[in-house]
Structure formats: C-alpha cells, structure tokens
Amino acid sequence: MTEVNKRTQIKNAAAKLFRKKGYRATSMQDIADALGIKAASLYNHIKSKQEILTELLMNIALAFTAGMDDIRNSSLDENSQLEELVNLHVNLTFKYKDSIALITGEWVHLDPEILPQYLEKRNNYEEAFMAILESCQKKKLISESTNLDIALFSILSSLHWLYNWHNKNPDLGKIELAAQLKKILLHGLISPKK
C-alpha cells in the first residue's frame with residue numbers, strides 16, 4: 001500500500017472518530033484500533049492528531065473556497081449562483097461525509113498558528129455568499145424587506161448541519177436533496193397566491 005493511501009486511510013478513520021466522539025475524546029490509540037494497527041505505526045505516516053485535524057479541515061476549507069471561486073467566476077446570474085452554492089454544499093457533504101462534520105465545531109481545536117488561516121477562508125466564503133445575496137436583493141430577486149444577515153445565517157446553518165440530517169436519511173440522493181433544499185432555503189415554503 002502506498003504512503004498516500006495509508007495517510008488517506010488514517011485521515012478517513014480519524015474523521016469518522018472525530019465526528020462520533022469529538023476531537024478531544026479521540027486518541028491516537030482509538031485511530032489505530034479503528035485501522036487494526038498499533039498506535040506506534042501511525043507515527044510512521046502522520047506526526048500527530050493535530051496534523052490530521054489540520055489536513056481534514058483545511059481540505060474542506062479549500063474545497064469550499066475553490067467551489068465559491070468557480071461559481072463567482074462563472075457566467076451564471078446571481079440566482080443561479082445561489083442554487084450552485086446549495087449544490088456545492090450537497091456535493092461536499094456526500095464526498096466528505098465525516099470530515100465535513102468538523103466545520104460545525106471541531107475547528108476550535110486547530111493549532112493557534114493554523115486557526116487564523118482557517119478562519120480567513122471561512123470568513124471570505126461567508127462574505128462572498130453575502131455579496132451574492134446583496135446582488136440578488138439589488139436586482140429585486142430577493143425582497144427589500146429581507147434581512148440578509150438572517151438569510152445568510154439561516155441558509156448556512158442549514159447547509160452546515162446537512163451532514164447530520166443526511167447520516168440519518170441516507171436514501172435521498174444528491175439531486176433530490178439539492179432540489180428540496182433550493183426549494184425550501186431559496187424559494188420559500190409558501191405557494192404563491194393565485
């Protein structure tokens with residue numbers, strides 16, 4: 001087995017444990033046990049539990065950043081950009097089903113030297129999301145009376161916790177899940193009056 005594959009196995013096992021038990025409650029021994037190897041063997045492939053957490057979280061942050069950049073640089077109108085952001089969250093939830101859970105709280109355990117980099121990526125993502133919402137509102141695609149801070153909070157909260165709902169409801173596919181989220185989060189629940 002290659003070094004890259006071994007590191008990937010270690011990170012996948014750690015992500016699952018971090019999601020279930022939390023970063024602090026997970027030991028290197030727990031990770032080794034999940035892989036069926038001795039804890040000392042882990043150190044041949046990875047320096048520390050902190051290194052695993054950093055790689056997992058920065059990988060997610062980079063995936064969101066790259067996705068946002070692609071969407072913002074596309075020729076899509078703002079409404080379609082919002083829909084693509086929902087698709088991005090759904091796709092990343094399916095792709096990183098365990099490590100994506102770490103964005104809701106485990107990031108606080110990042111090394112103080114790494115934490116500012118992570119927070120900068122997260123803040124830039126949220127600012128870009130808000131810019132799209134503001135553009136939609138200026139073009140009257142969103143009501144002028146809508147509080148965009150509350151809208152952003154509501155949308156991102158739902159999307160950030162999507163992994164939890166998906167783990168309990170794994171039968172709903174990506175396309176249907178994204179369609180339902182767009183309908184509820186972006187287009188509202190109330191049917192237009194006839």
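The values are calculated or read from the model by the stated rules, or taken from the named source; none is laboratory data. Keep in mind the model is a prediction, meaning the values are calculated, not measured. Every residue, glycine as well, gets a Cβ built from its backbone with ideal geometry; the counts of neighbours run over all protein chains shown.
Check SER80, SER75 and return the single one that is free of Cβ contacts under 8 Å to residues at least 40 places away in the same chain, within 23 Å of ALA131 (Cβ to Cβ) and part of a helix (DSSP H, G or I). Walk me through it before giving the result.
On the way: SER75 fails: part of a helix (DSSP H, G or I).
Selected residue: SER80, the only one of SER80, SER75 that is free of Cβ contacts under 8 Å to residues at least 40 places away in the same chain, within 23 Å of ALA131 (Cβ to Cβ) and part of a helix (DSSP H, G or I).
Going residue by residue through the stretch 83-100, is there one that turns out to be buried (at least 20 other Cβ atoms within 10 Å of the Cβ), more than 18 Å from ALA14 (Cβ to Cβ), in contact with a Phe, Trp or Tyr (Cβ under 7 Å, 6 or more places away or on another chain) and in contact (Cβ under 8 Å) with a residue 40 or more places away in the chain? Yes: the stretch 83-100 contains one or more residues that are buried (at least 20 other Cβ atoms within 10 Å of the Cβ), more than 18 Å from ALA14 (Cβ to Cβ), in contact with a Phe, Trp or Tyr (Cβ under 7 Å, 6 or more places away or on another chain) and in contact (Cβ under 8 Å) with a residue 40 or more places away in the chain. Being more than 23 Å from TYR118 (Cα to Cα) and either outside the structural domain of TRP161 (by TED's automatic domain parsing) or free of Cβ contacts under 8 Å to residues at least 40 places away in the same chain (or both) is a description that applies to ALA32.
Out of curiosity, is GLU134 acidic (Asp, Glu) and over 17 Å from ILE52 (Cβ atoms)? Here the answer is yes, as GLU134 does meet what is asked.
Looking at this structure, is LEU159 surrounded by 17 or more Cβ atoms within 10 Å (Cβ to Cβ), over 19 Å from ASP69 (Cα atoms) and in contact with a helix residue (DSSP H, G or I) (Cβ under 9 Å, 6 or more places away or on another chain)?
On the way: surrounded by 17 or more Cβ atoms within 10 Å (Cβ to Cβ): yes; over 19 Å from ASP69 (Cα atoms): no; in contact with a helix residue (DSSP H, G or I) (Cβ under 9 Å, 6 or more places away or on another chain): yes.
Criteria not met by LEU159.
Listed here are the residues, each with its yes/no results for (1) surrounded by 18 or more Cβ atoms within 10 Å (Cβ to Cβ); (2) closer than 24 Å to GLY173 by Cα.
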position	(1), (2)
TYR23	yes, no
LEU42	yes, no
MET58	no, no
ALA63	no, yes
LEU76	no, no
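Residues of the stretch 166-189 that are within 21 Å of ARG19 (Cα to Cα), without any contact (Cβ under 8 Å) to a residue 40 or more places away in the chain and within 18 Å of the chain's Cα centre (by Cα): LYS168, ASN169, PRO170. In this structure, is GLU55 in contact (Cβ under 8 Å) with a residue 60 or more places away in the chain and of a type in the set (Asp, Glu)? The answer is no for GLU55.
Every test in (1) at pLDDT 95 or above; (2) more than 23 Å from PRO170 (Cα to Cα); (3) in a helix (DSSP H, G or I); (4) of a type in the set (D, E, K, R) is passed by LYS11 save one, and that test is (2).
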